[in-house]
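This report refers to the structure that appears directly beneath it.
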Amino acid sequence: MSSFIIPSIIITLREVWMSVHRSRAAKRGFSIPAVKIAKWKTFVQDWAIAFCVIPLTAKHLVIADVTIWVAVAMTVYTGWRYFVDGKEMFARAS
């Protein structure tokens with residue numbers, strides 16, 4: 001189970017950062033809508049969580065590892081997209 005600590009930290013930090021980013025945008029009167037891939041990211045994250053907490057036999061642990069790292073990749077990518085999209089939105093408004 002300790003192999004899930006790093007991905008969990010990455011996902012948690014991104015989610016906290018997104019909350020702060022969206023909150024700051026809202027204070028400036030902006031809304032940052034979810035992009036389609038972020039919906040898929042949430043779907044993959046949900047499956048990753050399930051695979052990480054459901055008791056699995058040792059031979060299926062690789063499914064949990066792969067799924068959690070796919071979720072991390074999607075999490076980092078969508079976080080970057082939100083950052084870039086938000087930056088462009090703020091620049092257009094200035």
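Laboratory data are not the source of any read-out in this text; all were calculated from the coordinates shown. Owing to the predicted nature of the structure, the values given are computational and were not obtained by experimental measurement. FYI the Cβ positions are ideal-geometry reconstructions off the backbone, even for glycines, and counts take in every protein chain you see.
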- Message: Filter the chain for me: DSSP H helices, axial length by Cα at least 20 angstrom, mean Kyte-Doolittle hydropathy not below 1.0. List them by residue number.
- Response: none
- Message: Give me Rg/Rg_expected for the stretch 1-52, where Rg uses Cα atoms only and Rg_expected = 2.2 N^0.38 Å with N residues.
- Response: 1.37
- Item | Rough spin-label spacing in nm, given labels placed 7 Å along Cα→Cβ, for residue 12 and residue 90 | 2.6
- If the chain between residue 21 and residue 34 were fully extended at 0.36 nm per residue, the gain over the current Cα-Cα distance would be 3.4 nm
- Calculate, axis by axis, the spread of Cα positions in the stretch 2-93 along the three principal axes, and write the results as whole Å, longest axis first. 53, 21, 15
